[in-house]
Amino acid sequence: MINISDKRMTGPIIRLHSSDNIVVARADVGIGDAIEGEGIVSRSQVPPGYKIATRLIRKGEPVRKYKVVIGFAAVDIAPGTMVHSHNLEFREFDRDYAHASEFAPVALLEESRRATFQGILRPDGRVATRNYIGILSTVNCSATVVRKIADWFTPQRLADYPNVDGVVAFSHALGCGMEMSGEPMALLRRTIAGYARHPNLAGVLIVGLGCERNQLAGLMDDERLQGGPSLHTLVMQDSGGTRRSIETGVAAVNDMLPGANQAARSTVAASHLMVGLQCGGSDGFSSITANPALGAAVDILAQHGGTAILSETPEIYGVEHTLTRRAASRAVGEKLVELVRWWKDEYSVGRDVQINGKVSPGNQLGGLANIFEKSLGSAMKGGTGPLMAVYRYAEPVRAQGLVFMDTPGYDPVSATGQIAGGANLIAFTTGRGSMFGAKPVPSIKLATNTPMYLRLEEDMDLNCGEILDGNCSLPEMGERIFQQMLRTASGERSKSELLGLGDNEFVPWQIGVMS
């Protein structure tokens, strides 16, 4: 288990674990600079977030960060030398999964001590953090129509419905030219149905073309969706074409608006929070500030009975054993390993993707050498508590505490699966500066470093770079993030919402054959 420290960070160098053979530059390190506390001198010009060898690392020897292997020396690396992709070899290594060996149940707080927020209680007992009406397409062929319907509802036309946050279209590129049965179609239908059922949607209209493979009737049947006052359906070929379908759709939304406007916020327990955990545009500080701080917030959330969804399966590869050891059972741990092996041995074989070694150019420039190092930080978003369950993409999340959902590392696709599974808030860490929103749920953005935060303050909700600046400890930042979650869930607008982001981030995972 990777523990976080409550000590404030000072000085130009960060030592993460006593047994590491590298340290991380907190600020620029020049050639000839003394490496504070290590008794060596820098042989390289090292940017912030990059690694420096603290002793001779022989060729083939593991390089360790947080006591975790992030690769192997490709050559002999002299003390004081910068360690990055040019001299760090990526290759597979044995890991002891030790399933459930470190499992410890969450110590839940007494109910009288648990946090609350101002949520929207739905008739079925679920709690919403926002109040939208959603227009969903079964197929790309109805994408224009669902967008035209949503676009009709301008702020002026919604002025009489102040409790409705908006009308939003969820279009996508799938629904036809794909397998008619099996997991690709089941996944798409799970995703659409997850949004249709989402508590943040007070009303839903699903629009089909009529001849697509993802037939509207089949979707409703497979997912046991029932039409009614808050769930309307429309088939364009039966409705007279594009213009008449738009008119019919606008009328359906108008019928749902009065009911949606009756929504009101009330005090609810924080146990109703389900947070999707995301990271994008990561850098060398992601594993030092924002990700472990978000993990600290997740630990707090779990104590209050809430749920956090860790995802991005390719981005736990290499450190999955730190999760399997905390699994609630051997079966939970084995399910996670099975997912990782599918990605590595079946889905991504021979492909130039990050699970096979190389991370994105932005990650590289941010100081991350390979997927092992990126995964080390990515997994930290889940905190230090037990892993309670593992889910397929877009599968409804039932467990409380930390869970895992199988998704790609691509943020819009990953967040789409989490929201379909029930997430009513997204917490997104970034070091390079990702711009992201995800209607119908709010997203809070957590910056890993102060220079980026100041440059992109309009997009960032919290500056976790204060940890590097020595102004805040990790546990203190974790508490700040938790309080930001509660405020945002209560209706406070996040930066991405103020900028209007989130209309184009509904991206179901495309798997299987297209024809």
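The values are calculated or read from the model by the stated rules, or taken from the named source; none is laboratory data. Being a predicted model, the structure only gives us computed values, none of them experimental. A quick note on method: Cβ atoms are made from the backbone with ideal geometry, for glycine too, and the neighbour counts reach across all protein chains shown. To get the accessible areas, we keep the full protein, side chains included, count just its heavy atoms, and leave off ligands, DNA and RNA. Shrake-Rupley method; radii C 1.70, N 1.55, O 1.52, S 1.80 Å.
Observations
- Cα gyration tensor shape of the range 272-352, rounded if a/c is under 1.5, else prolate or oblate by comparing a/b with b/c: oblate
- Computed with every protein chain present, the accessible area of D28 is close to 110 Å² [probe 1.4 Å].
- With q set to 0.11, 0.13 Å⁻¹, the log10 of I(q)/I(0) for the range 1-114, from the Debye formula over equal scatterers at the Cα positions, is -0.46, -0.59.
- Counted without the sites themselves, the longest stretch of the chain free of chymotrypsin sites (Phe, Trp or Tyr not before Pro) in a DSSP loop having at most 15 other beta carbon atoms within 10 Å is 94-409.
- Share, in percent, of DSSP beta bridges within the chain that are antiparallel, nearest 5: 40
- Alpha carbon convex hull of the range 334-402, volume per residue in cubic angstrom: 114
- Selection among V253, A173, Q226 by position relative to the dipole of the range 161-266 gives V253 as farthest towards the positive end (Cβ unit charges, Cα centre).
- Inverse mean reciprocal Cα-Cα distance (Kirkwood Rh) of the range 412-458, Å: 11.4
- Area accessible to solvent at E111, 1.4 Å probe radius, in Å²: 150
- Ratio Rg/Rh [Cα only; Rh per Kirkwood] for the range 103-188: 1.16
- Cα gyration tensor, the chain - rounded (a/c under 1.5), prolate or oblate: prolate
- Between Q45 and Y410, the C-beta separation translates, for a Förster distance of 22 Å, into a calculated FRET efficiency of about 0.10.
- Per residue Cα convex hull volume in Å³ - calculated over the range 298-344: 80
- Computed log₁₀ I(q)/I(0) - Debye formula, equal Cα scatterers, no solvent, the range 337-471, q 0.21 Å⁻¹: -1.49
- With a cut-off of 18 Å on the backbone N, the residues of the range 234-267 near the modelled label site 7 Å out from T116 along Cα-Cβ are 264-267.
- Computed [θ] at 222 nm, helices only, for the chain once each DSSP H run of length n ≥ 4 contributes -39500 (n - 2.57): -7500 deg cm²/dmol
- For the pair the range 291-308 / the range 33-108, the C-alpha centres are spaced 27 Å from each other.
- Within the assembled protein chains, the solvent-accessible surface assigned to M380 is about 20 Å², based on a 1.4 Å probe.
- For the range 410-497, a crude dipole built from +1 on the beta carbon of Lys and Arg and -1 on the beta carbon of Asp and Glu, taken about the Cα centre, is about 240 debye to the nearest 20.
- Summarised as an ellipsoid, the range 224-279 has semi-axes of 32, 17, 11 Å, derived from the eigenvalues of the Cα gyration tensor scaled by 5 and square-rooted, with the largest first.
- Efficiency of FRET from Cβ geometry, N163 and S101, R₀ 41 Å, rounded to 0.05: 0.25
- The range 68-145: trypsin sites (Lys or Arg not before Pro) in DSSP coil with no more than 12 other Cβ atoms inside 10 Å: R91
- In degrees, nearest ten, helix 474-489 long axis to first principal axis of the chain (Cα): 10
- q = 0.10, 0.12, 0.13, 0.20 Å⁻¹: log10 I(q)/I(0) that the Debye formula gives for the range 167-312, counting C-alpha atoms only: -0.53, -0.72, -0.81, -1.21
- The listed residues D96, D283, once ranked by accessible area (1.4 Å probe) with the largest placed first, stand as D96, D283.
- Applying a threshold of 31 Å to the alpha-carbon distances of K65/K445; K67/K439; K381/K495; K51/K335; K67/K335; K59/K445 flags K67/K439; K51/K335; K59/K445 as lying beyond it.
- Loop sites in the range 399-505: GluC sites (Glu not before Pro), DSSP, at most 10 other Cβ within 10 Å: E458
- Across the alpha-carbon atoms of the range 47-131, the computed radius of gyration and Dmax are 23.4, 65 angstrom.
- Partner aspartates and glutamates whose Cα lies under 16 Å from the Cα of K148, excluding those fewer than 8 positions away in the same chain, are identified as E247, D503.
- When L219, L108 are compared by accessible surface with a 1.4 Å probe, the order from highest to lowest is L108, L219.
- Per residue, the average separation of C-alpha pairs within less than 8 Å and at least 6 apart gives the chain a relative contact order of 19 percent.
- Cross-link partners of K358 among lysines, defined as those whose alpha carbon lies under 16 angstrom from its own and excluding same-chain residues fewer than eight positions apart: K344, K374.
- Between H17 and R224, residue separation times 0.36 nm minus the direct Cα-Cα distance comes to 69.4 nm.
- Protein-only accessible surface order, largest first, of E110, E183 at 1.4 Å: E110, E183
- Gyration tensor verdict on the range 89-150 (Cα atoms; rounded if a/c is under 1.5, prolate if a/b is larger than b/c, oblate otherwise): oblate
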